[in-house]
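Student: Please see the structure below; I have some questions.
Every read-out reported here was derived from the displayed coordinates using simple, explicitly stated rules and does not represent laboratory data. From a predicted model like this one, the values you see are computed outputs, not experimental measurements. Every residue, glycine as well, gets a Cβ built from its backbone with ideal geometry; the counts of neighbours run over all protein chains shown.
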Amino acid sequence: MHFTSEQRLDTSEQRLDDGVLEREFTLGEIPGILWTPAPASASASASASAPSPLILLSPPPLGLRKTYPRLAARARHAAADGFATATIELPGSGDRPRLPAAEQALADLRRAMEAGEPVTDEIIDALILPLVDKAVPEWQTALDALLSLPGIGGPVGYSGGVISIGTRLAAVEPRIAAAVLFAGSFVPRAMFEEARHVTIPLHVLLQWDDEGNDRQAALDLFDAFGSKEKTLNANMGGHTGVPEHAGDAAAKFFIRHLK
């Protein structure tokens, strides 16, 4: 795997039991993982003439080590449909340096929730907006590098949370053709205006009883998206209780729009 000098990637790889190739990498100081389908899984062999479409898997801000089982399961499901997938560690997560302002905002958020007090716009802005500002350019740099690899190409999809990261990336990155967004995080008010500039097809997953999510804000954000095609898949249950059929619907969404 070769990148430009400032984007050189150190990698290690293993072949999973279903034939999916998993490659850990570092892009500068950013860790990530790339999964590519086994040749028999793809509708056509991944070659320069028939590259695998790419889906970016955005993790929650808990670190790739903690979220690896969920990410790998999603990647293997996507590989069975002929997609390559990749994820990168979010700023301030895992072994990356902490973001002091975000750490303080998280402490303020926990204090407010434990005291039964409303979570203020100031806390939400301090927690989410710096993360979005740093994460989106990193995703674009990663996309530059990933699309330079043989056997990987467009169109490109995006899947995951934090929903504000996906909203910004969908609004500013023309290579993203479709997105599955997870409505499971607080939404700064500034994101509602950015959402109006999102026009690609969207599939939004919402857990109705998510204890850490402002349901009305998620519904308002969905309403604000400028996409002509947008679907809200809402299910009963808490943050981690997404039913299997919701994942199946998201997979069919990507098959429709990326293949």
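Student: What net charge is computed for the residues neighbouring Ala177, neighbours being all others with C-beta under 12 Å from the C-beta of Ala177, Lys and Arg scored +1, Asp and Glu -1?
Tutor: Value of the local net charge: +1.
Student: Another question, then. Go ahead and set up a Gaussian network model of the chain, Cα springs under 10 Å, then flag whichever of Ala80, Ala38, Ala246 fluctuates most.
Tutor: Ala246
Student: Tally Lys/Arg at +1 and Asp/Glu at -1 over every other residue whose Cβ is under 12 Å from the Cβ of Leu147; what's the total?
Tutor: Residues close to Leu147 contribute a combined charge of -1.
Student: Which whole DSSP H helices in the chain pass both tests: a Cα extent of 18 Å or more along the axis and a mean Kyte-Doolittle value no lower than 0.5?
Tutor: 121-147
Student: What is the stretch 82-123 by shape, rounded, prolate or oblate, if you read a ≥ b ≥ c off the alpha carbon gyration tensor as root eigenvalues and call it rounded for a/c under 1.5, prolate for a/b larger than b/c, and oblate otherwise?
Tutor: Judged from the Cα gyration tensor, the stretch 82-123 comes out prolate (a/c at least 1.5, a/b above b/c).
Student: Which order do the peptides 251-258, 12-19, 225-232, 155-162 take when ranked by the mean count of other beta-carbon atoms within 10 Å per residue, highest first?
Tutor: Top to bottom by mean Cβ count within 10 Å: 155-162, 251-258, 225-232, 12-19.
Student: Say the dipole of the stretch 10-160 comes from +1 at the beta carbon of Lys and Arg and -1 at that of Asp and Glu; which of Pro53, Leu64, Pro31 then lies farthest toward its positive end?
Tutor: Looking along the dipole axis, the top candidate is Pro53.
Student: Using modelled amide H (1.01 Å from N, peptide plane; none on Pro or chain starts), what sits under 5 Å from the amide H of Phe186, excluding residues fewer than 5 places away?
Tutor: For Phe186, whose amide H was placed from the backbone, there are no distant partners under 5 Å.
Student: Is it possible to state the helix-based mean residue ellipticity at 222 nm for the chain, with each DSSP H run of 4+ residues giving -39500 (n - 2.57), the sum divided by total residues, to the nearest 500 deg cm²/dmol? What is it?
Tutor: The per-residue figure over the chain is -12500 deg cm²/dmol.
Student: For Phe186, what charge total do you get from the other residues with a beta carbon under 10 Å from its beta carbon, if Lys and Arg give +1 and Asp and Glu give -1?
Tutor: Result for the neighbourhood of Phe186: -3.
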